[in-house]
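Report on one structure; see the data block that follows.
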Amino acid sequence: MGKSVTMKLIESHLVSGEMRVGEEIGIRIDQTLTQDATGTMVMLALESMGLDRVKTDISVQYVDHNLLQVDNKNADDHLFLWSACQRFGLWYSRPGNGVSHPVHQERFGKPGATMLGSDSHTPAAGAIGMLAIGAGGLEVALAMSGEPFYFKMPEVWGVELIGSLPPWISAKDVILEMLRRHGVKGGIGRIIEYYGDGLNCLSAMDRHVIANMGAELGATSSVFPSDGKVREFFVSQGREADFKELIADSDAAYVHRETIDLSKLVPLIAMPSSPDNVVPVEQVEGQKIGQAYIGSSANPGYRDFAIAAEIVKGRRVQHAVSFDINPTSRQVLENLALDNRVFALISSGARIHQAGCNGCIGMGQAPASGSISLRTVPRNFPGRSGTQGDKIYLVSPETAAASALTGVITDPRTLDMPYPDVREPEKPITVGEKMFLKPLSPSEARDVELVRGPNISPLPDFEPPPDLFGLPVLLKMGDNVSTDEILPAGARVLPFRSNIPKISEFAFSAIDSTYHSRALEARDAGGHAVVGGLNYGQGSSREHAALAPRFLGLRVVLAKSFARIHWQNLINWGVIPLTFESESDYDNLQQGDQLRIENLGAQLTGGQSIELKNETRNVILRLRHVLSDRQTEMVLAGGLVNIVRARLNANKSSDERLD
């Protein structure tokens, strides 16, 4: 059988393991992407590791999340990140340059390369034939130091696209169809690869929409071929030399195949409060809205804004609707301004915000209480917008713009106008390079001092686990608990991302406001456990969702299943993730129960079965772990930082003996 694009990418970067589904493999990483909500922790890790200079081909630090400067915290962290980039040899994307994922695709992405990013939407780069994976910041720091990235070999699914998109249907409807079919757990343990003649109607930025929101399926990554459409993109960016063709063999093998007939799609909408709660727009049209929001890494292309501008051109949005435009890159904003489409948006009543993530992660643009907000963002988890009890619906730019005009949820096909003929420009009028700062030379970098604001604290030290645990269960939760619920984003919380003691005060606050105080009390007595259902930890790659509870004494998480990135983040910080062998054990386990684990080390190294005793109910719980030997070593050491520190100290001692 022939090879898929995914298999070619993995095979060309494989450094350890065998490409068998479920086996741990290690791959070489060519590029890394960090953003400011997670990047400060990455830079602190690089400093702790004693790294002199990054060893990847390209590493880029973006400032796109924490752009609100209501006090010194975010501005201080921006300076810290800039100084760290100078010290360690990274590119720096200044505040206002735009969202990391589309900007990286514009300026740095390369077909055939691998990329690791400390953001769960890093797989967006699969739009141009890359293998891009989201991970915790600690793993990204290791990749910067030249270490392989380890993960379990996923299944590769093939999705054939046939036909062409009808008028008023766009790429957002394609990925919403995938979420309608498979749900937020459907991609776990899989890479989704798209192929077929239907690709001919999807630009590289259209594909970015689909690859970006593949993260909402729980997929390890999403991959497209690097074909003629991708070449057009590189020509338009003045980077044709970086293009190379990478397509699947005609007889490529996939574990699973399915087909989407693009010509049969209709406008779709994901209702509150999950990206997979998808129905046709026509089923819910007519409901009054308070906001229509266009932008985010999930709809980042020039076309996504230009189509909205053409829809509202010469018209006014309803007075009760906040029509929010969040440009995703400085380049897109400049081009929209030069072709008068910014004027069309402003004249319609739109509010133009700076280029960045903004309201997608609760940094401004929060909707009014009780009002419906239509958004082109990737996620609508409860409270993520910044408003508790929010009603966030995920839609295409066409649906958002049409609804802004009418004031109610509107199927854009019902507008009394022809579908605007808008395409990505063959060559942008302006190319966004001015807002990047290049890495310093190695000789210049050695003299750079890191600039630390008062809000930046060192990484906490964590001790290895004892062999005998007594742990109370502080929380019992249901299915699909997201990292936004474990550790919220937003303007109130994320400014403390470099201060673990402070940010830990918000851990699980969306679920139980008493968790913090109860966890501190339990920490003094040895720690605690929490219980989750299916797909525990879905959503963001934010390692703070593991690190903050660990700081408060979390030692074990028991769940029916885990989302990939959060599962690994728990391991990285020395928290043990266990799954139930029987759902009856989950049903019988309650908040407040006291657990006892004996011979922890022997149980973890002796196989995958783990026994715990629920002393409150006098029953034995049988659980499983699927840790590799490498991961077992990590949790028994108290986390990956302890292993790296011991390795560095050993190397330093060896060097001193040689001297």
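The values are calculated or read from the model by the stated rules, or taken from the named source; none is laboratory data. The model shown is predicted, which means the values in this text are computed figures rather than measured ones. FYI the Cβ positions are ideal-geometry reconstructions off the backbone, even for glycines, and counts take in every protein chain you see.
One table, with the values for the structure above:
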{"item": "Strands (runs of 3 or more DSSP E) (entirely within region 534-630) containing at least 1 residues that are touching a Gly at 6+ places or on another chain (Cβ under 6 Å), free of Cβ contacts under 8 Å to residues at least 40 places away in the same chain and not basic (Lys, Arg)", "result": "554-559"}
{"item": "Any chance PHE323 is assigned to a strand (DSSP E or B) and of a type outside the set (A, V, I, L, M)", "result": "yes"}
{"item": "Some residue of region 370-391 being small (Gly, Ala, Ser), assigned to a helix (DSSP H, G or I) and touching a strand residue (DSSP E or B) at 6+ places or on another chain (Cβ under 7 Å)", "result": "no"}
{"item": "When residues of region 380-416 are limited to those that are among the basic types (Lys, Arg) and modelled with pLDDT of 95 or more, the one nearest to GLY183 (Cα to Cα)", "result": "LYS391"}
{"item": "Scan of region 466-484 for residues that are under 18 Å from VAL575 (Cα atoms), among the charged types (D, E, K, R) and either under 19 Å from the mean Cα position of the chain (by Cα) or not in a strand (DSSP E or B) (or both), ordered by number", "result": "ASP467"}
{"item": "Index of the failed condition, TRP82 passing every other in (1) buried (at least 21 other Cβ atoms within 10 Å of the Cβ); (2) more than 20 Å from VAL493 (Cα to Cα); (3) out of contact with any Gly (no Cβ under 8 Å at 6 or more places or on another chain)", "result": "(1)"}
{"item": "Where GLY356 falls short, out of the listed (1) within 21 Å of VAL209 (Cβ to Cβ); (2) free of Cβ contacts under 8 Å to residues at least 24 places away in the same chain", "result": "(2)"}
{"item": "Count of region 426-449 residues which are at pLDDT 80 or above, over 27 Å from the mean Cα position of the chain (by Cα) and surrounded by 14 or more Cβ atoms within 10 Å (Cβ to Cβ)", "result": "3"}
{"item": "Among the residues listed as LEU142, LEU116, LEU68, LEU90, the single one being on the phi < 0 side of the Ramachandran plot, surrounded by 21 or more Cβ atoms within 10 Å (Cβ to Cβ) and at pLDDT below 95", "result": "LEU142"}
{"item": "Selection within region 257-300 - assigned to a loop (DSSP other than H, G, I, E, B), closer than 16 Å to ILE372 by Cα and either of a type in the set (D, E, K, R) or within 24 Å of the chain's Cα centre (by Cα) (or both)", "result": "MET271, PRO272, SER273, SER274, PRO275, ASN277, GLU285"}
{"item": "Exclusive hit being in contact with a Phe, Trp or Tyr (Cβ under 9 Å, 6 or more places away or on another chain) and among the basic types (Lys, Arg), set LYS427, LYS476, LYS434", "result": "LYS476"}
{"item": "Residue count for region 304-333, restricted to those that are of a type outside the set (A, V, I, L, M) and touching a Pro at 6+ places or on another chain (Cβ under 8 Å)", "result": "7"}
{"item": "Matching residues in region 503-533 - criterion: being outside any helix (DSSP H, G or I) and more than 26 Å from PRO378 (Cα to Cα)", "result": "SER513, THR514, ALA525, GLY526, GLY527, HIS528, ALA529, VAL530, VAL531"}
{"item": "Inter-residue pairs, beta-carbon under 8 Å, first more than 18 Å from PRO300 (Cα to Cα) and in region 331-347, second assigned to a helix (DSSP H, G or I) and modelled with pLDDT of 95 or more, 6+ apart", "result": "ALA344/ALA309; ALA344/GLU310; ALA344/VAL312"}
{"item": "Output for region 377-393, where each listed residue is under 15 Å from SER297 (Cα atoms) and in contact with a helix residue (DSSP H, G or I) (Cβ under 6 Å, 6 or more places away or on another chain)", "result": "VAL377, PRO378"}
{"item": "Considering residues of region 219-242 that are more than 30 Å from ILE565 (Cβ to Cβ) and among the hydrophobic types (A, V, I, L, M, F, W, C) only, the residue surrounded by the fewest Cβ atoms within 10 Å (Cβ to Cβ)", "result": "ALA241"}
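Each row is one residue, and each column tells you yes or no for (1) within 30 Å of ILE486 (Cα to Cα); (2) in contact with a helix residue (DSSP H, G or I) (Cβ under 7 Å, 6 or more places away or on another chain).
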| residue | (1), (2) |
| --- | --- |
| PRO300 | yes, yes |
| ALA320 | no, no |
| VAL332 | no, yes |
| ALA344 | no, yes |
| GLY349 | no, no |
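For (1) closer than 23 Å to LEU558 by Cβ; (2) touching a residue at least 60 places away in the same chain (Cβ under 8 Å); (3) crowded, with 17+ Cβ neighbours inside 10 Å, each residue gets a yes or a no:
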site: PRO464; (1), (2), (3): yes, yes, no
site: GLY470; (1), (2), (3): yes, yes, no
site: VAL473; (1), (2), (3): yes, yes, yes
site: ILE486; (1), (2), (3): yes, yes, yes
site: ALA489; (1), (2), (3): no, yes, yes
site: PRO501; (1), (2), (3): no, no, no
site: PHE508; (1), (2), (3): yes, no, yes
